[in-house]
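> Sharing a structure here in structure tokens format.
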Amino acid sequence: MSDIKVSVTFRHLEPTEALKQYVEQKIHRIGKFFSKPLDARVTLALESKESQLAEVELHTHGTTLHVKEENQDLYAAIDLTIDKIERQIKKQKEKIKLERRKSNP
């Protein structure tokens with residue numbers, strides 16, 4: 001598991017320790033996919049009464065992943081961003097495996 005540095009920013013909503021801990025827990029779950037240090041910047045924002053935004057930007061070893069999700073529930077928006085990032089990581093790792101198989105017959 002890699003070292004993970006997480007920074008959480010709150011826009012237009014009251015920062016709470018519970019939300020911050022929830023985000024950090026989710027980001028640390030992603031850390032299992034990386035062997036290099038990981039830097040995560042998370043922005044949680046209240047866009048309107050009906051819409052809340054979770055934005056995650058991951059930086060590691062020359063790669064940047066950037067995902068935004070909006071939902072009525074902020075926790076759901078966080079979960080959706082983490083799920084989307086996990087899918088992107090798995091897809092990228094599968095592509096790398098396929099490329100290696102093709103180059104080594």
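> Past the 25 Å Cα-Cα mark, which pairs from Lys68/Lys97; Lys26/Lys91; Lys36/Lys95?
Lys68/Lys97
> Can you give the accessible area per residue of the chain, in Å², using a 1.4 Å probe?
Heavy-atom accessible area per residue stands at 66 Å².
> Could you work out how far helix 74-103 tilts from the main Cα principal axis of the chain, as a 0 to 90 degree angle to the nearest 10?
The two axes meet at around 10 degrees.
> Also, I was wondering about something else. State the answer as a single residue: which of His61, Asn71, Ile85 lies farthest towards the positive end of the charge dipole of the chain, with beta carbon charges of +1 for Lys and Arg and -1 for Asp and Glu, about the Cα centre.
Value: His61.
> Mean residue ellipticity at 222 nm from the helices of the chain, using -39,500 (n - 2.57) per DSSP H segment of n ≥ 4 over the full residue count, to the nearest 500 deg cm²/dmol?
Result for the chain, helices only: -14500 deg cm²/dmol.
> Report the convex hull volume per residue for the chain, counting only C-alpha atoms, in Å³.
Taking only Cα atoms, the chain has a hull volume of 93 Å³ per residue.
> Compute a Gaussian network model of the chain, connecting alpha carbons closer than 10 Å, and tell me which residue from Lys84, Lys20, Lys36 fluctuates the most.
Maximum fluctuation in the GNM of the chain, among the listed residues, is at Lys36.
> Where in the chain lies the longest segment free of GluC sites (Glu not before Pro) that are both loop residues by DSSP (not H, G, I, E, B) and have at most 13 other Cβ atoms within 10 Å?
Segment 51-105 is the longest.
> Something else now. How much of the DSSP beta bridge set in the chain is antiparallel, as a percent to the nearest 5?
Antiparallel bridges: around 70 percent, rounded to the nearest 5.
> Hey, another quick one. What is the angle, in °, between the Cα long axis of helix 17-30 and the longest principal axis of the Cα atoms in the chain? Nearest 10 is fine, range 0 to 90.
10 degrees
> Then there is this: So what's the gap between the Cα centers of the range 51-102 and the range 1-42, to the nearest angstrom?
The range 51-102 and the range 1-42 have Cα centres spaced 13 Å from each other.
> With contacts defined as alpha carbon pairs under 8 Å and 6 or more residues apart, what's the relative contact order of the range 1-55 in percent?
Normalised by residue count, the contact order of the range 1-55 is 48 percent.
> From Cα pairs below 8 angstrom and at least 6 apart in sequence, can you work out the relative contact order of the chain, rounded to a whole percent?
22 percent
> Let me ask another. Rounded to a whole number, what % of the accessible area of the range 1-77 do carbon and sulfur atoms account for, probe 1.4 Å?
Carbon-and-sulfur percentage of accessible area, whole number: 46.
> What is the dipole size for the chain, taken about its Cα centre, with +1 at each Lys and Arg Cβ and -1 at each Asp and Glu Cβ, in debye to the nearest 20?
So the magnitude is around 920 debye.
> Now a separate question. Against the 2.2 N^0.38 Å scaling, with N counting residues, where does the range 62-102 land? I'd like the Cα-based Rg ratio to two decimal places.
1.50
The values are calculated or read from the model by the stated rules, or taken from the named source; none is laboratory data. No experiment lies behind these values; they were computed from the predicted model shown. Heads up, the Cβs are rebuilt from the backbone with ideal geometry, glycines too, and the neighbour counts pull from every protein chain shown. When the accessible area is computed, the model is the full protein with side chains, heavy atoms only, and any ligands, DNA or RNA have been set aside. Shrake-Rupley method; radii C 1.70, N 1.55, O 1.52, S 1.80 Å.
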